[in-house]
Amino acid sequence: MKYQGIIFDLDGVICSTDEYHYQAWKTLADQLGIPFDRERNNLLRGVSRMESLKIILEKSERTYSEQEKQAFAEQKNALYRTLLRQMSPADLSDEVRETLQFFRDCGLRLAVGSSSKNTPFILERIGLGDFFDAVADGNCITHSKPHPEVFLKAAEMLGLPPERCLVVEDAHAGVEAAVAGGFDCASMGDAKDDARAKWHVNRFSGLRGCL
Ligand code: BG6
Ligand code: MG
């Protein structure tokens, strides 16, 4: 088998927190009178909280101080975490749970590679707090996707070189990060047709065909 490990993005791959990100950013954008819709939200996939805010504020007619931007990011995150608190193990689909277990039974090492600083909280909420062999997230990186740092960190934690790991992504920024790090990538969701990915899957269980 070519791959010895799989590194999964979290938001939009393992679980549907991307909808909560959208709702929280939409509330902030409406409050500031800035146009924001689901299409624009796709630009925020995979990028860090502060970079997401920067993209949203590009459509603003006025500029904001660093202090104001920090306050906006904190406000968004507080609302986002309120939404996350509704999550439970029921928010992990049977399809994702069974496919992860299948990969584990194949003897693969499994990791998360996410830009989110809320990764540990989310994994705990959906009952995967202890599941992965490694978790690299927004708390342990200085460059977020499309920089490959988070995936390189995850591979290092797994003790595997990039060419032996498959990265699974739903964001164009994430596909770019994977390829830049020397990983094969399986793309799905918003990034499904990204030509830089080696594999293109319609759904999570389709990842079985990438082995
Ligand atoms: C990524 C999401 O997983 O995490 C992005 O795709 C988000 O949309 C980023 O901006 C940072 O998330 P957090 O939870 O640290 O604000
Ligand atoms: Mg994602």
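The values are calculated or read from the model by the stated rules, or taken from the named source; none is laboratory data. Quick caveat: nothing in here was measured; it's all calculated off a predicted structure. For neighbour counting, all protein chains shown are included, and Cβ atoms are generated from backbone atoms with ideal geometry for every residue, glycine included. Heads up: the accessible areas ignore ligands, DNA and RNA and are worked out on the full protein's heavy atoms, side chains in. Shrake-Rupley method; radii C 1.70, N 1.55, O 1.52, S 1.80 Å.
Of note:
- Accessible surface of the chain, 1.4 Å probe, proportion on carbon and sulfur as whole %: 48
- Cα long-axis angle, helix 149-158 against the chain (0 to 90 degrees, to the nearest 10): 30
- In sequence order, the range 135-148 has phi-based couplings of 10, 10, 9, x, 7, 10, 10, 10, 10, 8, 3, x, 5, x Hz under the Karplus curve 6.51 cos²θ - 1.76 cosθ + 1.60, θ = phi - 60°, and Gly or Pro positions carry x.
- Computed from backbone phi with θ = phi - 60° and the Karplus coefficients 6.51, -1.76 and 1.60, the 3J(HN,Hα) list for the range 87-100 is 6, 8, x, 5, 7, 9, 5, 4, 4, 5, 4, 5, 5, 4 Hz; x is used for glycine and proline.
- The chain: translational diffusion in µm²/s, Stokes-Einstein, Kirkwood Rh over Cα pairs, 10 °C, 1.306 mPa s: 92
- For the residues GLN101, GLN75, GLN86, a GNM of the chain with alpha-carbon springs under 10 Å puts the largest fluctuation on GLN86.
- Close amide H partners of VAL168, meaning residues 5 or more places away or on another chain with modelled amide H under 5 Å apart, are ILE7, PHE8, ASP9, ALA186.
- Across the range 65-211, the mean sequence separation of Cα contacts (distance under 8 Å, 6 or more residues apart), normalised by length, yields a relative contact order of 17 percent.
- The trypsin sites (Lys or Arg not before Pro) of the range 1-72 meeting both criteria, a DSSP state outside H, G, I, E and B (loop) and at most 10 other C-beta atoms within 10 angstrom of the site's C-beta, are LYS2, ARG62.
- Here the convex hull built on the C-alpha positions of the range 90-138 has a volume of 69 cubic angstrom per residue.
- Accessible area per residue for the range 1-106, computed on protein heavy atoms with a 1.4 Å probe, is 53 Å².
- Separation of the range 123-154 and the range 8-83, taken as the distance between their Cα centroids, equals 20 angstrom.
- THR27-ASN202 FRET efficiency (beta carbon distance; Förster radius 35 Å; 0.05 resolution): 0.65
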